[in-house]
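In what follows, a single structure is set out as structure tokens and then discussed.
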Number of protein chains: 2
Amino acid sequence: MITPQLLQPSSIAIVGASNDTSKPGGKVLFNILKHGFAGKVFGVNPKEQQVQGVLCYSSCDDLPDVDLAIIAIAAHQVEAALRSLAFHKNCKAFILFSAGFSEAGDSGKALEQRCVQIVEEVGGTLIGPNCIGVITGNYKGVFAGPVPTYDPMGCDCVSASGATMVYLLESAIPRGLKFRDIFSVGNSAQIGVEDVLEYWDETYDPAHSSSIKLLYMEQIADPMRFLKHARSLVNKGCRIAAIKAGNTEAGSRAVSSHTGALAGSDAAVSALFRKAGIIRCYSRIELVYVAAIFTIKPLKGNRIAVITHAGGPGVMLTDILVKGGMEVPHIEGAKADELLAKLHPGSSVSNPIDFLATGNALQLGEILDYVDNEFDEIDGAVVVFGTTGMWRVDDVYQVLHEKIKTCRKPIFPILPSAIQAAEEVSHFHTMGHVNFTDEVSFGYVLSRVNKLQPPYPEVQLPIVDVPRIREVIENNTSGYLPPEDVNALLQAAGIVTAAQATVRSEAEAIVAAKELGFPLVMKVVGPVHKSDVGGVVIDIQNEQEIAANYNRLMAIVGAEAVLLQQQRSGIEVYMGAKAEPPFGKLILCGLGGIFVEVFKDVSAALSPVHSEEAARMIRRLRSYPIIQGIRGKPGVSEELLVETILKLSALLEAAPEISEMDINPLLGSMESLVAVDARILIER
Amino acid sequence: MITPQLLQPSSIAIVGASNDTSKPGGKVLFNILKHGFAGKVFGVNPKEQQVQGVLCYSSCDDLPDVDLAIIAIAAHQVEAALRSLAFHKNCKAFILFSAGFSEAGDSGKALEQRCVQIVEEVGGTLIGPNCIGVITGNYKGVFAGPVPTYDPMGCDCVSASGATMVYLLESAIPRGLKFRDIFSVGNSAQIGVEDVLEYWDETYDPAHSSSIKLLYMEQIADPMRFLKHARSLVNKGCRIAAIKAGNTEAGSRAVSSHTGALAGSDAAVSALFRKAGIIRCYSRIELVYVAAIFTIKPLKGNRIAVITHAGGPGVMLTDILVKGGMEVPHIEGAKADELLAKLHPGSSVSNPIDFLATGNALQLGEILDYVDNEFDEIDGAVVVFGTTGMWRVDDVYQVLHEKIKTCRKPIFPILPSAIQAAEEVSHFHTMGHVNFTDEVSFGYVLSRVNKLQPPYPEVQLPIVDVPRIREVIENNTSGYLPPEDVNALLQAAGIVTAAQATVRSEAEAIVAAKELGFPLVMKVVGPVHKSDVGGVVIDIQNEQEIAANYNRLMAIVGAEAVLLQQQRSGIEVYMGAKAEPPFGKLILCGLGGIFVEVFKDVSAALSPVHSEEAARMIRRLRSYPIIQGIRGKPGVSEELLVETILKLSALLEAAPEISEMDINPLLGSMESLVAVDARILIER
């Protein structure tokens, strides 16, 4: 939990304070003093009596009481300092820069745990270790990176990598992005990304909090807590962009089923972000562009006017917007002609609106007014305007400033002249704006942001036969379940299965066949990849064929029994699920056969799955046209697919022991969806 | 053709010269004077006797002879000036800034044509109109944009958009990119991108020419000439990156076949670039990153060491490299341990090589030496190194400088501290280096560059029966060919077709059926989408079925005859071709059915197709695993696929009248590939 002393300390001690600003303890003191911290500041350094004009004590023991300690000493000295501060100086907040803790091996890990324990004993907050610090409205407690302009409505930031935070600022500041609170959580010994989200969530106040949250993580320790607070923040009106880096599990694990190969923690991260309504970014520059878009009022549609004095960039921007699913609608009619008459001869208003290299501020104002008031087919405008270098463009950026403030529709400024219009762009930033420099990077990111869906609400799963599910699970040990139990679980979850019987002799087979009726499918029970060992025979039409195949199937290595099943037809659908700790169960769906095997065309969601989430899983498939039905061929009922995904999700909630399962295939039509083969692996 | 007077003028007249550098005629004069043009400079301006210290004439008629005229006057005054200069002043090179020509409508177009005619009458060169000018080693004849540092080994550039050129420089200069010759060709009235390529090609000298060429185009007027010179340049050792913008044809054309929907000029551009060995870029920043990579010695493999003092950026970089098909191999062994011992405790050398926030210049030098000399599993290194802001990093960048010069393996520097290390980065540029700022953008681009294939050589197509092909074509008017003729063309090209007969009565059908043998397929002849109208019947087993279906098929609207064909089995393959002026014929291939219809999984190449090019078309398909054979099922012979693509290409070369065709499906196996349905449209 984050204490008030971390956010609003009235006094700060710098342990390891220095006059040398090339040391963390020197630089953080410099930053605190330079940026006008209003409270008391003390130094601790056995070699100094004063540092940078501040009173310096030789040890923590000599300090008066302090709210916050910023600790920049060697790892082996930290524990003693913490004890003194926590137990004797009433200190409730600690920022620990030092490295050499859990990231450095077992003894560092033990030391880190002892430090957390000390802090928790006094109900304090520990940020770090191995971090660059904290920035709040109150103080700038960081030793690294450019200190950004503080803006109470600027971006809130949390990063598990100090270097990423530093280099994010290096990219963000030149685009005019402003920042509010920054937390570099380092090793997250006590306070991690989830805690910061919780703090933002619980203190959120639309009038006084920032609505933009930027996150950098390399792991998500508690995905459910992460989801809870992220979703809540987005529902309160926040917009969150996050990088989750470190997707290196590929190929390294044993794969016992398709699901094993298709799932993976990276898919779980994306599924988690979708559930929470977070936009996932993959680079610093993408995060900066998304954040800058977040500072501008949201688009209410996908129809963009591209306004420029520069032909080429307008063309490239149009290309990428259309490719990303946005529209750049043709503009025509009396109002368009009226606008055209106000521009230089040779201009075009048909969109892109090109008002030529000689286009001026007055004309830009006219264009933006027409876009805002007259062109109902347009939801927002992108303005690309730089300079040839022959004249200053202050007047143009002044118009941009005014129109961004007054227009109802959003206006996105792309100001590409980083060198020649550096001063004008800087001045534009001081008026409270951001700018983008590369039109194509912008267009790509805008179309991603515009597709972002709101979080999925809490889920009401269908009711399933929990006692029966528990009974089946309790009766099994770890491993693959026998087919009768697989069938029982699916039925208990309300998932329709093809009628079937497991038999252990030819005579039993013939009795069962009569009950089930021909045609039948015969499958060997035992081997995991039945098809690969010739263990599946279709189109069994009579008793003779049963007899002929029974013995052959039982001769296959690993054969335990034979499964007889009514033969069904339909489109092959695949559904699967996999435990993906710590994210819970990842549910996958797609079409079966080559679609899943060759094209890896599957969608994923984390259980429990919301019905709208399931519907979007289906619509996101590249093979969705087949589900809809193509070329006169009927497809598969989306309603049944959604229902079955939700039932699968309910089964997984009732049986957390299921570590991996797939139903492959279900045979689907507009009328029915029937599971004809399934495997379930449980781990107790 | 580009005259020596354009490249090395001994005298320049600025028509429209001005003292006002906010005018093109003032700014270009300023740039020429400032950057030390060694020849004579004159102004032409009726209102001035001297401009910026240069002698000024009141009209072109008063000028002495000049090599080059740079013309910055209103469009309506241009023709008279050109006549005077061309016919009376021995002027052989003209750069025309003025707008108001072909881009402004019919009268502008006529004026532009007259201007070209004047210039061609004297064997001169005309650059523009509607351009920002030319930069050579001799003079800086541009009015817009930052004038880059001239480097005889820097990037050569040609752009059809002046604004794109200006903003490209705005992005490139801050990354340290140097430039050689720049041509802004504007409307390309006489000199277009192809002419500049031809000039570079014909004058290429490895010792004195730049090997990096950057292009921006919105159209490619003469793709075959473009290909000829681009391929030749790449074969001589050049590396070319190009943007072709303006891909807006989507959805706007009538689509009469799959091929119509799948092809398109944008696919043709990509196919042309692949043929020439050009890397296609989509944004200015991507072009800048590619160009910067081109300045560094090429990677000889795809195995990268990621070296950093900054954890997070190293992780993000590793993610994107692996996603892009590069390897970041695990490094271990005695030499790795030896290196680790030289770094601070807590460092890692297992790759990423993380030498911590406290890592220094000496350690970076050690790491780079080990990578270069000891780690054979590594082909090149990326170094991410910025600053916390606590100390300068000159010494680190000095080491980078030395190692980039001396190491055998390429080293790519990512220097993210644009603000805090601005001076050090600048100094690094002055030592002749580029740098990248965003590690993920870099990783994405590097993996693209590393996949670039050399140009495909000139093509030897298989020999086809040209007389027979010509005979069939000559016997038809524009439109879809009848099935016998389709069959004849495919056979003349050596493409195997299923045995077939076209019949016009039930009696004829029965005779033909006996010859062909059962089972048969019956298809209506006439309607284009036969399946959609119930016009295809498979599995015809006997004469009764022939009789039963013949009359039904002939009753379909548009039915002209019935085609009987031997029934074949195999994997459905799709091949198609489409005239894509001015690119010639685009050939497409993929698997048939849903692969082409739903997944749009096709590869394209421009005819004539080289055998290696055809092989890569196949391997590029997402459905390639099916062609290879999956799960024990046999695939389709790649050799037969390649052969058939080449035969199709040969057919198209022999019959340029074919404007659109598809063979859908061919039925393929490891032994045969047989066309069972095809359509050919010709346009005379």
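The values are calculated or read from the model by the stated rules, or taken from the named source; none is laboratory data. Because the structure is predicted, anything quoted here is derived from the model rather than measured. In this analysis, Cβ positions are derived from the backbone assuming ideal geometry, glycine residues included, and neighbour counts consider all displayed protein chains. Side chains are part of the model used for accessible areas, which takes the heavy atoms of the whole protein and leaves out ligands, DNA and RNA. Shrake-Rupley method; radii C 1.70, N 1.55, O 1.52, S 1.80 Å.
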If a residue has to be open to solvent by 40 Å² or more (accessible area, probe 1.4 Å) and assigned to a loop (DSSP other than H, G, I, E, B) to count, how many in the range B:189-208 make the cut?
5
Which one is nearest to B:Met431 (Cα to Cα), of the residues in the range B:162-180 that are open to solvent by 10 Å² or more (accessible area, probe 1.4 Å) and out of contact with any helix residue (DSSP H, G or I) (no Cβ under 7 Å at 6 or more places or on another chain)?
B:Lys178
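Looking at the range A:349-372, which of its residues are polar (S, T, N, Q) and surrounded by fewer than 17 Cβ atoms within 10 Å (Cβ to Cβ)?
A:Ser350, A:Thr358
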Please indicate, with yes or no, whether at least one residue in the range A:627-636 is within 14 Å of another protein chain (Cβ to nearest Cβ), free of Cβ contacts under 8 Å to residues at least 40 places away in the same chain and within 27 Å of A:Val525 (Cβ to Cβ).
no
Among (1) without any contact (Cβ under 8 Å) to a residue 60 or more places away in the chain; (2) of a type in the set (Val, Ile, Thr); (3) in a helix (DSSP H, G or I) - the single one B:Ile419 does not satisfy
(3)
Tabulated pairs, the range A:280-297, first modelled with pLDDT under 95, second of a type in the set (Val, Ile, Thr) and not in a helix (DSSP H, G or I), C-beta under 7 angstrom, 6+ apart or interchain:
none
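Taking the range B:172-199, which residues are of a type in the set (Gly, Ala, Ser), over 21 Å from the mean Cα position of the chain (by Cα) and under 22 Å from B:Ala245 (Cα atoms)? Spell out how you get there, then give the answer.
First pass over the range B:172-199, keeping only residues of a type in the set (Gly, Ala, Ser): B:172, B:176, B:184, B:186, B:188-189, B:192.
From what is left, the residues that are over 21 Å from the mean Cα position of the chain (by Cα) are B:176, B:189.
Once the filter is applied, which keeps residues that are of a type in the set (Gly, Ala, Ser), over 21 Å from the mean Cα position of the chain (by Cα) and under 22 Å from B:Ala245 (Cα atoms), the range B:172-199 yields only B:Ala189.
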If you scan the range B:449-462, which residues turn out to be part of a helix (DSSP H, G or I) and open to solvent by less than 60 Å² (accessible area, probe 1.4 Å)?
B:Val449, B:Asn450
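Residues being of a type outside the set (D, E, K, R) and within 16 Å of B:Ile285 (Cα to Cα): count how many of those fall in the range A:391-444. Full working, then the answer.
Going residue by residue through the range A:391-444, those that are of a type outside the set (D, E, K, R) are A:391, A:393, A:396-401, A:404, A:406-407, A:410-422, A:425-437, A:440-444.
Add one more test, that the residue is within 16 Å of B:Ile285 (Cα to Cα), and what stays is A:414-419, A:435-437, A:440-444.
Number satisfying all stated conditions: 14.
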Being surrounded by fewer than 15 Cβ atoms within 10 Å (Cβ to Cβ) and under 27 Å from B:Ala271 (Cα atoms) is the filter here, so list the residues in the range B:463-473 that pass it.
B:Ile463
Matching residues in the range A:386-440 - criterion: being of a type in the set (Gly, Ala, Ser) and more than 22 Å from A:Thr149 (Cα to Cα):
A:Gly386, A:Gly389, A:Ser417
Testing A:Ile404 on (1) open to solvent by less than 10 Å² (accessible area, probe 1.4 Å); (2) in contact (Cβ under 8 Å) with a residue 40 or more places away in the chain, one condition comes back false. Which one is that?
(1)
Looking at B:Phe599, is it modelled with pLDDT under 95, outside any strand (DSSP E or B) and over 30 Å from A:Val533 (Cα atoms)?
yes
So, in the range B:222-245, of the ones that are part of a loop (DSSP other than H, G, I, E, B) and open to solvent by less than 30 Å² (accessible area, probe 1.4 Å), which residue ends up modelled with the highest pLDDT?
B:Cys238
Tally, over the range A:413-425, of residues that are buried (at least 23 other Cβ atoms within 10 Å of the Cβ) and more than 12 Å from every other protein chain (Cβ to nearest Cβ)
1
May I ask you to list the residues in the range A:474-512 that are in a loop (DSSP other than H, G, I, E, B), open to solvent by 50 Å² or more (accessible area, probe 1.4 Å) and of a type in the set (Gly, Ala, Ser)?
A:Ser478
So in the range A:532-543, with the set limited to residues that are more than 14 Å from every other protein chain (Cβ to nearest Cβ) and of a type in the set (A, V, I, L, M, F, W, C), which one is surrounded by the most Cβ atoms within 10 Å (Cβ to Cβ)?
A:Ile540
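With the range A:1-109 as the region, which strands (runs of 3 or more DSSP E) entirely inside it contain at least 3 residues that are open to solvent by less than 40 Å² (accessible area, probe 1.4 Å), away from chain B (no Cβ under 14 Å) and under 25 Å from A:Ala160 (Cα atoms)?
On the way: elements: A:11-15, A:40-44, A:54-57, A:68-71, A:93-96.
Qualifying strands (runs of 3 or more DSSP E): A:11-15, A:68-71, A:93-96.
Please tell me if A:Val119 is open to solvent by less than 10 Å² (accessible area, probe 1.4 Å), within 9 Å of chain B (Cβ to nearest Cβ) and within 29 Å of A:Asn19 (Cβ to Cβ). Show your work before the answer.
Working: open to solvent by less than 10 Å² (accessible area, probe 1.4 Å): yes; within 9 Å of chain B (Cβ to nearest Cβ): no; within 29 Å of A:Asn19 (Cβ to Cβ): yes.
Answer is no for this residue.
Using the structure shown, decide if A:Leu446 is part of a helix (DSSP H, G or I), under 31 Å from the mean Cα position of the chain (by Cα), more than 13 Å from every other protein chain (Cβ to nearest Cβ) and among the hydrophobic types (A, V, I, L, M, F, W, C).
On the way: part of a helix (DSSP H, G or I): yes; under 31 Å from the mean Cα position of the chain (by Cα): yes; more than 13 Å from every other protein chain (Cβ to nearest Cβ): yes; among the hydrophobic types (A, V, I, L, M, F, W, C): yes.
Yes, satisfied.
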Give the residue that is surrounded by the fewest Cβ atoms within 10 Å (Cβ to Cβ), with candidates limited to residues of the range A:283-337 that are more than 14 Å from chain B (Cβ to nearest Cβ) and in a helix (DSSP H, G or I).
A:Ala334
Unmet requirement for B:His529, which otherwise passes all of (1) crowded, with 16+ Cβ neighbours inside 10 Å; (2) within 14 Å of chain A (Cβ to nearest Cβ):
(1)
Considering residues of the range A:584-600 that are closer than 26 Å to A:Leu227 by Cβ and open to solvent by 10 Å² or more (accessible area, probe 1.4 Å) only, the residue nearest to the other protein chains (Cβ to nearest Cβ)
A:Lys600
Considering only residues that are within 18 Å of A:Ala75 (Cα to Cα) and open to solvent by less than 40 Å² (accessible area, probe 1.4 Å), which ones fall in the range A:126-141?
A:Leu126, A:Ile127, A:Gly128, A:Pro129, A:Cys131, A:Ile132, A:Gly133
Here are the criteria: (1) over 30 Å from B:His88 (Cα atoms); (2) assigned to a loop (DSSP other than H, G, I, E, B); (3) more than 14 Å from chain A (Cβ to nearest Cβ). Tell me which single one B:Gln219 does not satisfy.
(3)
Looking at the range B:361-374, is at least one residue in a loop (DSSP other than H, G, I, E, B), touching a strand residue (DSSP E or B) at 6+ places or on another chain (Cβ under 6 Å) and at negative phi?
no
The listed residue being away from chain B (no Cβ under 14 Å), among the β-branched types (Val, Ile, Thr), crowded, with 20+ Cβ neighbours inside 10 Å and outside any helix (DSSP H, G or I), out of A:Val434, A:Val383, A:Val399:
A:Val434
I'm trying to understand the selection: among the residues of the range A:622-663, which are of a type in the set (A, V, I, L, M), surrounded by 17 or more Cβ atoms within 10 Å (Cβ to Cβ) and assigned to a loop (DSSP other than H, G, I, E, B)?
A:Val636, A:Ala655
